[in-house]
Amino acid sequence: MPFVSVREPILLSDEDLAYLEHLTRSRTTRKDLHERATIVLLSHHGRSDSAIARELGIPRQKVIRTINRVLTIGVREGLKDLPGRGRPKTISPEARTWIVDLFCRKPVEFGYPHEVWTQRLLQQHIREHAVEEGFPEVAQISQGTISKLANASAIKPHKIRSYVQNRDPAFHEKAIVVLHTYEEANILKVLEKEGNEPDTFILSFDEKSGVQVRDTNYPDLMPVPGQFPCIHRDYEYVRHGTVCLQAALDLVTGFVHYRITERNRSEEFIEFLKMLDAQYPDMMKLKIILDNLKVHSSVETMKYLKTVPNRFEFIFTPKHASWLNIIETFFSKTTRTVLRGIRAKSKEEITERISRYIDTLNQAPVVFKWSYTMDANPSGVEMV
């Protein structure tokens, strides 16, 4: 008489069934988890324990244990390893601390010419010094274990990221002035919507100097469907010098005033101020947020400002903190769009293309708004 199981069948919900099928189809599922999920699915479809064992090439008792656990504590918990399973850790906490300390130091401190660690260099150093440091258990450490330790400690010793050092002792005070100016611009926007004429205009100004004018030696090869997915460009180029983009963003209207020059001196800056003076109504104050470039406070600039008293008010960002200036967002957008990979045969051509781009933006101006906190911890810029 054939054996008849008296165990209750496995009844799976649609959610559990979808979870098990996902585990069996995924290429990243661990082998043991994949095996247990398969056992449960086959049992759900009516296969006997013996048939499952034969099909998977595993002991029948293993099939029974897996199914009983799922029936007792559920699918998701039943597929997990039992507590205490697996090979015990062989690296002591002290050894881990020593290795993490290595992650946090430069290899040049240990006599190597490298600036940052590589896994191979770390492995070599650990193996050579583990015994003398008192950690013989890592004398044969693998690169994979080093990678796991780095991931566990959330340290990437092979990478370098940039940061901006606070070099201005009066950063907080100056940042507060800039942020209050942005708040004033928001108030002016509200007044303008209500039909009130403002008595002050607020602009954000900066220069993008050193815009390269490059031309190709050979024509670009355009994409070909099914053969070449992207533009191909010869690495050689002809350099025609540089130009400087001066821009001032009206924080109320979003209009961008600009000039493109070949140089960036006090003379060019003064010409830009004269352009603004001509474009805004007389007797109105122009507040300009700008950085600490020398030409913004040079003798020539100060001499010109005396000829137009009470017309301009400069709000300087903290030193080495021009990122507080909203115009940098406009320059970032320009760099990522029109200037990205640009090639031009002359300064006249690149000037015309940049001008056409900004003129197009000015047809439907985008108002940039600073999402700020008044404790001088800015959170970013958004466009509205």
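The values are calculated or read from the model by the stated rules, or taken from the named source; none is laboratory data. Just so it is clear, the structure is predicted and the values come from calculations on it, not from any experiment. Using ideal geometry, Cβ is built from the backbone for each residue, glycine included, and neighbour counts are taken over all protein chains shown. Remember, those area values only see protein heavy atoms, side chains included, never the ligands or the DNA or RNA. Shrake-Rupley method; radii C 1.70, N 1.55, O 1.52, S 1.80 Å.
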**Report entry** Inter-site label distance for Thr97 and Ser297 at 7 Å from Cα along Cβ, in nm
**Finding:** 4.9
Requested in this report: Scan around Lys369 for amide H atoms under 5 Å from its own, H built in the peptide plane at 1.01 Å from N, and keep only partners 5 or more places away or cross-chain.
Outcome: Glu382, Met383, Val384
Requested in this report: Express in whole angstrom the spacing between the alpha-carbon centres of region 317-343 and region 229-262.
Outcome: 10
Query raised in the report: Which chymotrypsin sites (Phe, Trp or Tyr not before Pro) in region 145-217 pass both tests, a DSSP loop state and at most 10 other beta-carbon atoms within 10 Å?
Result: Tyr163
Requested in this report: Return the long-range amide H neighbours of Ser209 (sequence gap of 5 or more, or a different chain), with a cut-off of under 5 Å between placed amide H atoms.
Outcome: Leu245
Report summary line: Regression test value, accessible area per residue of the chain, probe 1.4 Å, units Å², expected 62
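Give, in nm to one decimal, the length gained when the segment between Lys274 and Ile342 is fully stretched (0.36 nm per residue of separation minus the Cα-Cα distance). Write down the numbers at each step before the final one.
On the way: separation 68, 0.36 × 68 = 24.48 nm, distance 3.04 nm.
Using 0.36 nm per residue and subtracting the Cα-Cα distance, I get 21.4 nm.
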Query raised in the report: What's the carbon and sulfur percent of the chain's accessible surface, probe 1.4 angstrom, rounded to a whole number?
Result: 53
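Take every Cα pair under 8 Å in region 198-261 that's 6+ residues apart, average their separations, divide by the length, and report that relative contact order as a whole percent. Don't skip to the end; give the middle numbers.
On the way: 109 pairs, mean separation 24.7, N = 64.
Value for region 198-261: 39 percent.
If the only charges are +1 at each Lys and Arg Cβ and -1 at each Asp and Glu Cβ, what is the size of the charge dipole of the chain around the Cα centre, to the nearest 20 debye? The partial results should precede the final answer.
Working: 54 positive and 50 negative charges, 360 e Å.
Using only the charged Cβ atoms, the result is roughly 1720 debye.
Around Thr118, what is the net charge, scoring Lys/Arg as +1 and Asp/Glu as -1 over all other residues with Cβ under 13 Å from its Cβ? Numbers along the way, then the final one.
On the way: positive: Lys106, Arg120, Lys156, Lys159; negative: Glu115.
Counting the neighbours of Thr118, the net charge comes to +3.
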Report summary line: Any DSSP H helix in the chain with Cα axial reach of 30 Å or more and mean Kyte-Doolittle score of at least -1.0? Listed by number, the hits are 171-193
Report summary line: For the pair Glu194 and Thr118, the simple spin-label estimate (label points 7 Å beyond Cα toward Cβ) gives in nm 6.6
Query raised in the report: Could you state the principal axis extents of the C-alpha atoms in region 235-384, from the largest down, to the nearest angstrom?
Result: 49, 36, 32
Query raised in the report: What 222 nm value per residue comes from the helices of the chain, counting each DSSP H run with n ≥ 4 as -39,500 (n - 2.57) and dividing by all residues, nearest 500 deg cm²/dmol?
Result: -13000 deg cm²/dmol
**Report entry** Summed side-chain charge close to Ala37 - residues other than Ala37 whose Cβ falls under 12 Å, Lys, Arg +1, Asp, Glu -1
**Finding:** +2
Query raised in the report: Karplus couplings for region 256-265 from phi (6.51 cos²θ - 1.76 cosθ + 1.60, θ = phi - 60°), rounded to Hz, Gly and Pro as x?
Result: 10, 8, 8, 9, 10, 10, 8, 10, 10, 10
Query - Structure-derived Rg/Rh (Cα atoms, Kirkwood Rh): which label, when the choices are (1) 0.96; (2) 1.18; (3) 1.02 - result: (2)
Query raised in the report: Given a Förster distance of 25 angstrom, what is the FRET efficiency for Ile160 paired with His320, based on the Cβ-Cβ distance and rounded to 0.05?
Result: 0.85
